[in-house]
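Shown next, in structure tokens, is the structure this report addresses.
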Amino acid sequence: CTAATSTVAAQTSRPSANEASNESPVLNVLHFGAVADGITNNTSAFARANEACRERGGGTIYVPPGVYLTGPIELGDHMTLHLEAGAKILASLRLEDYPVEPKTGWGDGSGESIRAGLVTARDARNVTITGRGIIDGNAMAFHDPNTLHGRIDKRFTRQGDSYMDPKFGTEHGPIAHGERPGNLIRFFGCEDVHLESLTIQNSPTWTVQFNGCENIDVRGVDINSLASGRRIPNDDGIDIFNCKNIHISDCDIQTGDDCIAIFAGEKLTVSNCTLSSRSSGIRVGYVGGDIRDCVYKNLVIHSNRGISLFVRGKDSIENILFSDIVIRSHLVTGHWWGQAEPIHVSVAQWDPNADSLGSISNVRYSNILAEGDAGVVVHGDQASPICSLSFENVRLKLTDGP
């Protein structure tokens, strides 16, 4: 009732000072000077609403219908950011609005950019983003749709010397970029995190990052990079570092890079999702830490590489279940990871700082229907053979791809 009353008031007149300073747990951003015209920068208005919420010990920052251009937003303890249907938070186009942060690598949260992202929570408890609205990263402001991203050593591409040769097509990108803002939504060291129902789109780098968090619920969220035609490099849907107790369900994710990637963590479930990617639908591992006790079920994946497990240094992967999954994998143009394998499992030394090689063990694939341009890849290492890997009721149809 409070939210509905605030919406009506916002549409009829500017709220009074008394309304703006009341003790309601629901704080309408219009009461703090926000202007929903898609032009006015509302960074200060969101900051004032945030501070009022902190002073109350928590509450809801309510965003009514309209377009709110803004720079970075910080969320704290017991705080909910609620976007009403028809509301859009649109990221500022000015790079200088995103301060440089002292990050040096993936594991410490830099996530492909050393700059701040749009929405961040640090060391917060009980923090939520919800509603039927949209958070838009304005990614195309930091990318050139007419130039291909060609800063890759050809030795590490499947095309070799023919990498980015126009004769193979370039419609899938990726497209070029300069310096760009950080992850669209970031949670560092948080507990009891909830994302529900909203649309998160057009991120300039990773879309949602969880780092060092516990008790995460992501339900019914749509993530996409459709404004670019899914051509933004490193625009992963959800990335997870050193987290535990993670539940992701009922989501639709359509990105250029990996849809859901876990670098380190435990006790993860992913269910009832549709995933579309030019890289991996599901990515487990690479470097960053051990991964254990994960379940993936009831998924539909359309991607270049369907499900991938990687050990590339000292970290290990164990106790992983994949079941009731439909996969269609196919080659795409440009430098996207993968060669159309529906399932890829590999151990290989890559991390120059690792003095040993981790392992993959106790992994099961069951009730899988897969169709793709390439077959299943399983590649171990003499120093670390893959152990206890099983395929049960898995059907693979190879297609006549390029």
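The values are calculated or read from the model by the stated rules, or taken from the named source; none is laboratory data. None of these values were measured; they are calculated from a predicted model. Cβ sites come from the backbone with ideal geometry, for glycine too, and all protein chains shown count toward neighbours. Ligands, DNA and RNA are excluded from the accessible area calculation, which covers all protein heavy atoms including side chains. Shrake-Rupley method; radii C 1.70, N 1.55, O 1.52, S 1.80 Å.
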| field | Length-normalised contact order for the chain - Cα pairs under 8 Å, 6+ apart - percent | value | 9 percent
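Only four residue types carry charge here, +1 at the Cβ of Lys and Arg and -1 at the Cβ of Asp and Glu. Report the dipole size of the stretch 224-298 about the Cα centre in Debye, rounded to the nearest 20.
On the way: 8 positive and 10 negative charges, 24 e Å.
My answer is approximately 120 debye.
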| Whose amide H sits under 5 Å from the amide H of residue 359, counting only residues 5 or more places off or on another chain, with H placed in the peptide plane? | 316, 317
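So what is the calculated 222 nm ellipticity per residue for the chain, using -39500 (n - 2.57) for each DSSP H run with n of 4 or more, over all residues, to the nearest 500 deg cm²/dmol? Don't skip to the end; give the middle numbers.
Values: 3 runs with 28 residues, N = 402.
When only DSSP H runs of four or more count, the value is -2000 deg cm²/dmol.
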| Pairwise label distance in nanometres, residue 371 with residue 293, each label 7 Å out on the Cα-Cβ vector | 3.8 nm
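Students often check this: by mean Cβ neighbours within 10 Å, which of 207-217, 273-283, 347-357 ranks highest, and how do the rest follow?
Numbers: 207-217: 23.0, 273-283: 25.6, 347-357: 13.3.
With the highest mean Cβ count within 10 Å placed first, the list reads 273-283, 207-217, 347-357.
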| Of 294, 253, 304, which is farthest on the positive side of the dipole of the stretch 249-319, counting Cα position, with +1 on Lys and Arg Cβ, -1 on Asp and Glu Cβ, and the Cα centre as origin? | 304
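For the peptides 89-98, 185-194, 307-316, what is the packing order when you average, over each peptide's residues, the other Cβ atoms within 10 Å and list the highest mean first? Intermediate results must be reported in sequence, preceding the final value.
Details: 89-98: 18.0, 185-194: 20.6, 307-316: 22.7.
The packing order, highest mean first, is 307-316, 185-194, 89-98.
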| field | Nearest-ten-degree value, helix 43-55 long axis tilted from longest Cα axis of the chain | value | 80 degrees
| request: Could you check the simple spin-label distance between residue 219 and residue 126, using points 7 Å along Cα→Cβ, in nm with one decimal? | output: 1.7 nm
| For the chain, modelled as a Gaussian network with Cα springs under 10 Å, which listed residue fluctuates most, 220, 372, 256? | 220
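Would you mind working out the magnitude of the charge dipole of the stretch 255-389 relative to its Cα centre, with +1 at each Lys and Arg C-beta and -1 at each Asp and Glu C-beta, to the nearest 20 Debye? Each step should come with its number before you reach the end.
Values: 10 positive and 14 negative charges, 49 e Å.
I would put it at about 240 debye.
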| request: Could you state the accessible area per residue of the chain in Å², with a 1.4 Å probe and every protein chain left in place? | output: 41 Å²
| remark: Given Cβ charges of +1 for Lys and Arg and -1 for Asp and Glu, the option among 188, 198, 53 whose Cα lies farthest towards the positive end of the dipole of the chain is 198
| said: Quick check for me: using +1 on Lys/Arg Cβ and -1 on Asp/Glu Cβ, what's the dipole size of the chain about its Cα centre, in debye to the nearest 20? | reply: 480 debye
| query | Which Cα, out of 391, 131, 100, lies furthest along the positive dipole direction of the chain (beta carbon charges, K/R +1, D/E -1)? | reply | 391
| request: Compute the normalised compactness of the stretch 299-402: alpha-carbon radius of gyration over 2.2 N^0.38 Å, N being the residue count. | output: 1.11
| note | Cross-link reach from residue 167 to lysines, straight Cα distance under 21 Å and at least 8 residues apart if same chain, gives 154
| request: Would you indicate which of (i) 32.7, 123; (ii) 21.8, 72; (iii) 24.1, 104 is the value of Rg and Dmax of the Cα atoms in Å derived from the coordinates of this structure? | output: (ii)
| In nanometres, what is the gap between the two model label sites at residue 37 and residue 353, each 7 Å from Cα along Cα-to-Cβ? | 4.9 nm
| request: Can you tell me the order of 131-137, 72-78 when each peptide is scored by its average per-residue count of other Cβ atoms within 10 angstrom, highest first? | output: 131-137, 72-78
